[in-house]
Amino acid sequence: MGAMASKGKPSPRSAVKPLSDEQVAKLAKKHHLVDPTHDFPTGPRKANTAEIEAQHPKATQRLLTGCDLVMRTHSKIRVWGLEHVPETGPFITAATHVTMYDVFVPMVSMFHQGRRPRYMAKAEMAKWPLIGKWFQLVGMQPVERRAGKARAIEETSVEILTSGRPLTVWPEGTVTRDPQKWPMSMKNGVGVIALEASRRLGYQVPLYCSVTWGAASINHWWPWPRKNVVMCFDEALDYSDLLDGCDSWGKDVPTDRADELTRRIRVRMTEIMAEIRGEQAPDGYWDYRTMSRVKD
C-alpha cells in the first residue's frame, strides 16, 4: 500500500509577491534580525554537545555547511527570536510549510544554536536521492502517511520528547494549499503530542511557532537577484490551561483539548505571517479536506 496522494497542487510562485526590502527594513526596526547561517547568531551560548555527538556530528556538519552555502546564494535570510531556543531539554517547534525551502530554515537555525531536533517527515523523503540519506543522518523520523498510522507517529513523537530530545513538526502535514499561501488546516496530532508529553513529564513542554516567509518567490533554477526570506521563532505558546486535570484523562488526550491547542498554533502562525508579510490575513482558513476557505 503506497502513501496517500496529496490533494491539489500548491499555488504558483506568481500567486504571491516577493518580500520587499522595504518590508524587511520595517521588521528590522521592530525586531533584531540576524543571519541564521552562522554559529550562535544571537550571541554566545552553550551548545548541547551530548545531542550533537549523538547525531552523526561529521555528516551533520557537512550537511549544515552545504545548506548554509545554498541559503546564502539563493536568498537573503534573516531571523528573529532564536534566543528563545532552549539550551537543554525537550521542546516542540511547530513550523509553517509554504515550500520545501522552509524545511531547511528552522533546521539550519537550530543547528547553529547548538541543538539537534528530531524531525517528523514523510517517509518518501528517506528514499530521495542523496538528500534522503542526509535527512536520516540529521534526525529525520520517517512518517508513513497511511490511514491508521497516526497513533504510532504520535507515540514515537512523545517518546522523543520524554527522552529529552527536541522535536520539529509541520502540523499542516504537507505544503499549504491556501491559494495565497497562508497557514491551512492542521491535523491535531501536534496537540496530542504536546499534551501527552507534558502529562508524562509532569510539566508543560515548551512549544514554539516557527514561521518562514519569502521562499515561495525563489526561482530555484535562477534564484538571482536573491529574494528576502524572514523567519520568526516565536516565544513559547502557553497552553497550561489545557493541561488542567490531565491526571484524570484516562488513556487518551481529550480530542477537544488537542483540537484547541492545534487551533491556537494555526491562529498564532497566521498572526506572525501577517506581520512578516505586512498584509492582512484573510478571514477564516483554508481547509485541506474540502479544499475551500472555512470560517474560524
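The values are calculated or read from the model by the stated rules, or taken from the named source; none is laboratory data. As the structure is a computational prediction, the values presented were derived from the model and not from experiment. Ideal geometry is used to build each Cβ from the backbone, glycine not excepted, and the neighbour counts take in all protein chains shown. The protein model used for the area step is the full one, side chains on, heavy atoms only, and it has no ligands, DNA or RNA in it. Shrake-Rupley method; radii C 1.70, N 1.55, O 1.52, S 1.80 Å.
Here are some notes:
- Label-reachable residues, the stretch 166-205, where backbone N falls under 17 Å from a point 7 Å from Lys149's Cα toward its Cβ: 169-175, 187-190
- Calculated FRET efficiency, Leu201 to Ala123, Cβ-Cβ distance, R0 = 35 Å: about 0.80 to the nearest 0.05.
- Cα centroid separation - the stretch 148-190 against the stretch 17-65, whole Å: 22 Å
- Residues Ser14 and Gln280, FRET efficiency given R0 of 22 Å [Cβ-Cβ distance, rounded to 0.05]: 0.60
- Cα gyration tensor shape for the stretch 1-114, rounded if a/c is under 1.5, else prolate or oblate: oblate
- Beta bridges per DSSP with both ends in the chain, % antiparallel, nearest 5: 30 percent
- In percent, rounded to a whole number, the relative contact order of the chain is 25, using alpha-carbon pairs under 8 Å and six or more apart.
- Cross-link reach is defined here as a Cα-Cα straight distance under 14 Å, omitting same-chain residues fewer than 8 places apart; for Lys26 the aspartates and glutamates meeting it are Glu275, Glu279.
- Global geometry of the stretch 85-201, whether rounded, prolate or oblate, following the gyration tensor of its Cα atoms and the 1.5 cut on a/c: rounded
- Theoretical FRET efficiency, 1/(1+(r/R0)^6), r = Cβ-Cβ of Glu53 and Trp249, R0 30 Å, to 0.05: 0.25
- Within the accessible area of the chain (1.4 Å probe), percent carbon and sulfur: 56 percent
- Given charges at Cβ of Lys, Arg, Asp, Glu: the chain dipole, positive-most of Met100, Ser248, Thr212: Met100
- Counting only protein heavy atoms and a 1.4 Å probe, the chain has 47 square angstrom of accessible area per residue.
- Tensor-based shape of the chain (alpha-carbon gyration tensor, a/c under 1.5 rounded, otherwise prolate or oblate): rounded
- Given +1 at the Cβ of Lys and Arg, -1 at the Cβ of Asp and Glu and no other charges, the dipole of the stretch 21-279 around its Cα centre is 860 debye to the nearest 20.
- For the chain, the 222 nm mean residue ellipticity estimated from helices alone, with every DSSP H stretch of n ≥ 4 adding -39500 (n - 2.57) and the total spread over all residues, rounds to -10500 deg cm²/dmol.
- Taking a sphere under 14 Å around the Cβ of Leu243 and counting the other residues whose Cβ falls inside, with K and R at +1 and D and E at -1, yields a net charge of -3.
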